[in-house]
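Read through the structure below, which is laid out as structure tokens, and then see the notes.
The values are calculated or read from the model by the stated rules, or taken from the named source; none is laboratory data. Predicted, not measured: the structure shown is a model, and the values here were computed from it. Every residue, glycine as well, gets a Cβ built from its backbone with ideal geometry; the counts of neighbours run over all protein chains shown.
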Amino acid sequence: MPTYAYILVSLALFFVGAAGVLLRRNVLIVLMSVELQLAAGTLALLSFSRALGDQKGHVFAFFVMALAAAEAAVGLAIVVSVFRTRRTASLDEVNGLKG
Amino acid sequence: MNLTAHSASMAETIAFAILSAGVLAGGLLTITRRNPVSAVMSLVLTFAALAGLFATLSAHFLAVLQILVYAGAIMVLFVFVVMMVNREESTPIARQGLCTRAVGVLAAGYVFYRVAWLVGHERGMPLLAASATPPVKDFGTVSSVGALLFSDFLFPFEAISLLLLVAVIGGVMLTRHVREDRPSRVS
Amino acid sequence: MTDLTLIVLVPLIGAIWVMVAPWGERTSRPIGIIAALVSLGQSLFILHDFDKSIGAFQMEVDRPWVPSLGIHFHLGVDGISLWLVLLTTLMVFLTLLSPQAMGLHKTRSRGFTAAMLVLEAGMLGTFLAIDLFAFYVFWELMLIPMYFIIGIWGGERRLYAAIKFVIFTLVGSLLMLAAILYLYAQVHAVTGQWTFDYATWATITLPRGPELLCFLAFTLAFMIKVPLVPLHTWLPDAHVEAPTGGSVILASVLLKFGAYGFLRFALPFFPLAAQQTAPIIAWLAVAGIIFGALMAWVQDDVKKLVAYSSISHLGFVVLGILVLSQKGIQGGIFQMLAHGISTGGLFLAVGILYDRRHTRRLSDFGGLWKQMPVFGGCFLVLVLASAGLPGLCGFIGEFLVLSGTFTAGKDWQASGLAAPMFGHPALLAGLAALAVILAAVYLLTMYQRVMFGPLDKPENRDPQVRDLGLRERLVFGVLVLAALVMGMAPQPILERTAASVQELTANYRDRLAEARANPIGPARRVIPGQRPAQAQAGRRF
Amino acid sequence: MPSELRIIPLLPLLGAAYLILFGRRHSRKAVHRIACLAVGAAFLVSVDVFFFWFPMLVQSDGLTDLVGTWFASGDLQVDLALRMDGLSGLMCLVVSFVGTLIHVYSTGYMAHDKDYVRFFAYLNLFCGAMLLLVLGDSLPVMFIGWEGVGLCSYLLIGFWYGEAANASAGKKAFITNRVGDLGFLIGMFLLFRAAGTLDIPVLVDTARAGSPTLTATLWWGQPVAFWAALFLFMGAVGKSAQIPLYVWLPDAMAGPTPVSALIHAATMVTAGVYMVARLGALYLLAPAALAIVAGVGALTAVFAAVVALGQNDFKKVLAYSTISQLGFMFVGVGTGNFAGGVFHLFTHAFFKAGLFLCAGSVMHAMAGSGDISRMGGLAHKLPWTTWVFRVCGLAICGVPIFSGFFSKDAIVARAFATAVFGPRLHWIGPTVGAGLLAAALGTAFYMSRLYYLVFTGECRADLHTREHLHESPVAMLGPMLVLGLGALLAGVVGLPSAVSRSHGDLVGHWLTDSVGPALEVSSGLQWRVMAISTVIALAGIGLAWQFFGGGVREPARRFVTAWPHLTAAVRGKFFVDEIYNWLVVRPLRGLSRVFFLVVDRILIDQLLVGGWTVLVDTAGRLLRLVQVGDVQRYLAIFAIGLAALVYVMARPAAPSEVKIRIEGHSAVVELGDGAADKLDYGFDFDGDGLDDRSGAAASANWVYPQPGHYQLRVRITDPRWNTSRTIERTIDIQ
């Protein structure tokens, strides 16, 4: 399949992830939506990598994946920690950054 | 740079259609499920389909990693946390500042529409039209990607390993159990 | 041969040593004193190697720093910076030697010593840098230790003062940074190379509008540091709240950067803008001279009094520099040095008083001569030096600046300056000379209220109010000696500044003539040399 | 050339330095030996140099001793050089001689003071500074001494710093002097600007040559020389306590009496006269300045003599007397009679120092009190002191054969005869001369009053004091006797030509080269002036006897009751201190306070600086509202911003220009290129909503069928982004 098709899928997936991040209240689902966005990025990287015949895109996709893993680990740890102190996983109630 | 365009075979097209439909459907399900467990399961679907898409892109190594790391490790992590925190929500969508966020989604949609239009309009340009696996030996295999990782990208590789280490330590520190006899840090 | 890199590095190494040395608190001060002494020794070597017949930079060190951006670690010393470097190393040494440097705080001497040494490195680097990037880096480097010195070891309102100090300074220096970046681009446009080299920058003439803006950006940064009225209000607060050591360094060295930067950068880079705005700055300088003196007169806090006297004294420096004649600039430089000695000494003296009495209110003192005659003598010499008594250091600078300003019209005409810097120089000199009276008024009032009069307050009779100890005697002895020597034999100092000042004024004259002759047009490079034809027919004034 | 010149000021300076640094390790005896030795040696060296090189001194420019360059910058070069000629040699001798005597006197007077070392260190420092002032070859070097003596005066007036009043008096002296010094500085600058040098000999030569650099008009039609002379005179007014800056001298009496004798009578206060004499040539170029000098001098002489009449403090009377006598000297130099002024300075140094030492002796006996209303009849108890006082008093009254008689007459007679003011200002000479005669009457009166109230009649002191009255020790009497002798005989070096034609005016002869030849006055005038002034002196003494002989008598009491306001005003010194306080000091200090509170604190710090803070603070408060703490909303805003950016970037750029050419019925529209991208253009010329021309071309033409008012609409489309922009114009076809 031509590259643009992959790119369109990637874009759509990114938008879906963005909508999830913006709308959902549950921190866990927000984190999952972030994972969706990262996956969309990975897809775009791999598509262009193939189009250009350059495997550096793969390397970057690899890094993105590692980053996603790290992010998930820390993010979930924070969720657990917040849940422990506040008994909630709802973003509505976590607004300590309020100015 | 050698960009070769060849018409896609029927099977290829069908595979792509199924996989991308799986990806998008999984994604939509993920963000719409009220129950986090179902959301995680939808996410697994998404990542599995995505791994398939990677495979069609000749990214074999990454496809396998996608399954192993995402569908395997990360999802397990999510499931665990969901188990710990699980609260089914009566209102999945937060009400606070809903208006702002709705406008935000619309804005994101606008950006999506614009970029998608551009991609569709420019689909004829070589970069976007390329559809064949490049004539590079062992493209996307473990050996060739690994060779690149350990030569040109050694330093970033080490850096990312350090990042993972930090994440691990951070995760442990953050979730460490606070003993009851100590004064709580909670205000 | 002396290496200028070393003199900047030694305090830094000293700071690191202080921080990592075992036994921490107890050894920190001796280590700091050793480091300061080593850099003092190095600056004496520089003085020894300095060739007074050369006006250009000497002992240059030029190493690529960030080659892709044309940034060099480029240091050099000339007659203008030579003595300021010596003043810096001397005052840092004396400050560290002085037992009162940290004010009433007795703890965390390690951090204080390290901050002082980093500050010294920053100050020396700023005086020596002739690469604009390096200059800016050192300029900002000075800010941080000073912030901590005020903010940690200061008095009650130390945070307010420290933040006020930082914000004032940053406002100016960020504008300067913008101007530096603009100039960087212009230099590239004209010469085709990316460089921060001072010598190259000093040959670039900007178009009129941008020149004025850049000049104002530079000048604002410098005039805040001086400080020029009405940009001065950070100074009394910073001085009052800073610990003694901080006040001493602030007064004797940090304030000099305003005048130094103005002389080194603002004038050579923007000759026309400087000439156009000179009347305003000159009047502000004179206003500051009188205003600062009047303000000093009504203060009840000794430290605030000395702080306002600083404003008055530094007005002379700015005025002298603006005169753009040999006498004026040399007088300004000398006044900087003299002010460093006398006002630095006064702050040390106030530190002693505060140490003994834990108060700085004039009304709390009285009759202290009976308790501390040696201190009284040293204090008196410093007061008189500050009041400009002939034979002490303050007089030479004031005399040169005033005579330079008074005769400015004649000098401009004689040197072929294309236009006068400002009108009514004799009137300005006359007004500035009023400070001769006012300085005596406020300084002697202060001295009288502290040292003379009956010893009627029981706190002042306390045995804790003791005379100078050995280390204090050493510190004050050096200062008193310096004040005397500089007053009686200023010629070695003036000799070594003469060639550089001459070169600076000559370059300024040529570039001003060129800039006036071609008032419009894009940025261009003018290498001073032959006097342009237009300058010969400079108008009479 | 002799480098011993530098030794003269150096000796006392070294003595002072040694005493300050190490004096406390020595015994009292050693301290005063060091101090006296330092000044005494300076005197001996002066004598040696003066008489060894005497012919050179009086016949050429004198001896110069160049120590080195003090400072040089640009065209300004100031050498640390000393010079001794007739004038400075004479001054040098007076200063070091009187200085030595007073050092000796102080060993007795200060014997019981605990700050012995400090006193002698200051005294030595003073002598050094004064000698530097006298010998300085250029104005800045002179200025070192000038301010140096001011400093010592400050320190010595406030010597007993324990009392606030003493310290304040010292401060007042210094600050008042500084007011004058401002003038001195400006005078120097004026001379430097005009003549390009500050070396006194060069300046004097320039002035003698009448160089146009000095005679050129400067301000208000007056030449440079006038303004320079005037400003320098301002310095002299401060230092020599003339109207309007005399107020510090009476207060300066708070210092120890030897200090008053040395600094505030014999030497420092005469520096102004010396300076004017030194720069006499400059003053001669500006008769108006000379007139001011003479006028101020005469006014001060009369005024101070009047105020002296009403004072009840021994030293205050002497202080006003000094001010008055300084006025005499200024009239001398102000009438171009420099030698006369210096001659009076010379004799005055003896008799006034003698008077002060007598005052010291009396106060020593009276346990420190100087209130003459509590004295009386001291002649029996203090015979030596009384005799010295009589001699010195007669000298200052101007009784013949005493030194003051000759020096005063030398001034008065020449004031009548002088021609320096030129025809227009000729009246000044006789006027100031008459003024001086009036002042002389006052002088004789107040001096005799002082004598009668202190030394004659009944003793009015309390019993305790009366029992302890005693004559002073030899260390004090010795110098007093020497000065008394001087007061008696010093006149012989300046006898008027009418008295002795051949050996007459020695001083005038010595000073000829320094200050120019003395004015010749006819014998007739001389005799007349001598006769008148003798009568005046005797009249003053006689009148004082009528009022105060043997205590306050009936006529004095009647006078006070008849003129109560006048006496109150005189006793109150005409309230000049109070007027200055209310007119100058308080308003200025009040103004400073207001400035500090209003301008510095409120206007600058709170409004200007604080205004910015308030601005930033308010902006921060407003922006805080956006910070809801909800990450999702932040992201939404981010998305909105991104969308806005995309919207702006994706639209085709507006064309740089829209050119419309109309020729008859046809219109050509050309769009300047907005961007390098490929754009589609649709032109609707007639406003019917349909594209009349379209394509990739950025220009199009159209022929209108008929004249009219048309709406032009150009639609620019970017096909890649599917975005467009519309431009509308109107077209008029005639």
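Observations on the structure shown:
- For region D:497-525, the set of residues classified as touching an Asp or Glu at 6+ places or on another chain (Cβ under 7 Å), assigned to a helix (DSSP H, G or I) and either surrounded by fewer than 21 Cβ atoms within 10 Å (Cβ to Cβ) or modelled with pLDDT of 85 or more (or both) consists of D:513 only.
- Just one of (1) touching a residue at least 12 places away in the same chain (Cβ under 8 Å); (2) on the phi > 0 side of the Ramachandran plot fails for residue C:383. It is (2).
- Region D:630-658 - residue that is closer than 30 Å to residue A:21 by Cα and outside any helix (DSSP H, G or I) and, of those, nearest to the other protein chains (Cβ to nearest Cβ): D:630
- Hits in region D:139-189 (condition: aromatic (Phe, Trp, Tyr), surrounded by 24 or more Cβ atoms within 10 Å (Cβ to Cβ) and more than 7 Å from chain C (Cβ to nearest Cβ)): D:146, D:154, D:184
- Residue in region C:283-303 that is closer than 22 Å to residue C:162 by Cα, away from chain D (no Cβ under 13 Å) and surrounded by fewer than 24 Cβ atoms within 10 Å (Cβ to Cβ) present: yes
- Pair list, Cβ under 6 Å, 6 or more apart: region C:391-416 residue more than 8 Å from chain D (Cβ to nearest Cβ) and of a type in the set (A, V, I, L, M), other residue part of a loop (DSSP other than H, G, I, E, B) and surrounded by fewer than 24 Cβ atoms within 10 Å (Cβ to Cβ): none
- Selection within region C:463-521 - β-branched (Val, Ile, Thr), within 12 Å of another protein chain (Cβ to nearest Cβ) and more than 30 Å from residue C:365 (Cβ to Cβ): C:493, C:497, C:501, C:505
- Selected residue (criterion: surrounded by the most Cβ atoms within 10 Å (Cβ to Cβ)) from residues of region D:54-77 that are assigned to a strand (DSSP E or B) and among the small types (Gly, Ala, Ser): D:73
Listed here are the residues, each with its yes/no results for (1) more than 25 Å from residue D:572 (Cα to Cα); (2) of a type outside the set (S, T, N, Q); (3) in the same structural domain as residue D:122 (by TED's automatic domain parsing); (4) surrounded by fewer than 24 Cβ atoms within 10 Å (Cβ to Cβ).
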residue: D:216; (1), (2), (3), (4): yes, yes, yes, yes
residue: D:222; (1), (2), (3), (4): yes, no, yes, yes
residue: D:235; (1), (2), (3), (4): yes, yes, yes, no
residue: D:242; (1), (2), (3), (4): no, no, yes, no
residue: D:251; (1), (2), (3), (4): no, yes, yes, yes
residue: D:265; (1), (2), (3), (4): no, yes, yes, no
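- Taken over region B:81-93, residues that are within 8 Å of another protein chain (Cβ to nearest Cβ) and either modelled with pLDDT of 75 or more or under 24 Å from the mean Cα position of the chain (by Cα) (or both) amount to 6.
- Boolean, residue D:207 is modelled with pLDDT under 90, over 19 Å from residue D:276 (Cβ atoms) and not in a loop (DSSP other than H, G, I, E, B): no
- Residue within region D:398-408 that is farther than 30 Å from residue D:286 by Cα, part of a helix (DSSP H, G or I) and of a type in the set (Gly, Ala, Ser) present: yes
- Residue, modelled with the lowest pLDDT, within region A:18-44, restricted to residues that are at the interface with chain B (Cβ under 7 Å from one of its Cβ atoms) and closer than 16 Å to residue D:636 by Cβ: A:25
- Looking only at residues of region D:21-36 that are of a type in the set (A, V, I, L, M) and buried (at least 17 other Cβ atoms within 10 Å of the Cβ), we find that the one that is nearest to the other protein chains (Cβ to nearest Cβ) is D:31.
- For region A:49-74, the set of residues classified as more than 7 Å from chain B (Cβ to nearest Cβ) and either of a type in the set (Val, Ile, Thr) or not in a helix (DSSP H, G or I) (or both) consists of A:54, A:64, listed by residue number.
- Within region D:26-53, residues that are part of a helix (DSSP H, G or I) have Cβ atoms under 7 Å from residues that are acidic (Asp, Glu) in these pairs: D:45/D:4; D:49/D:4, counting only partners at least 6 apart in sequence or on another chain.
- When region D:97-126 is filtered for residues that are in contact with a Gly (Cβ under 8 Å, 6 or more places away or on another chain) and within 24 Å of residue D:338 (Cα to Cα), nothing remains.
- Counting the residues of region D:659-685 that are exposed (fewer than 15 other Cβ atoms within 10 Å of the Cβ) and either under 26 Å from residue B:96 (Cα atoms) or more than 14 Å from chain B (Cβ to nearest Cβ) (or both) gives 13.
- Test: residue in region D:185-198 that is of a type in the set (Phe, Trp, Tyr) and touching a Pro at 6+ places or on another chain (Cβ under 9 Å): no
- You will find that of C:189, C:199, C:221, the residue that is part of a helix (DSSP H, G or I) and either surrounded by 20 or more Cβ atoms within 10 Å (Cβ to Cβ) or touching a Phe, Trp or Tyr at 6+ places or on another chain (Cβ under 6 Å) (or both) is C:221 and no other.
- Residue identified as assigned to a helix (DSSP H, G or I), of a type in the set (S, T, N, Q) and without any contact (Cβ under 8 Å) to a residue 60 or more places away in the chain among D:300, D:270: D:300
- Selection of region C:442-462 for residues being at the interface with chain D (Cβ under 10 Å from one of its Cβ atoms) and free of Cβ contacts under 8 Å to residues at least 40 places away in the same chain yields only C:448.
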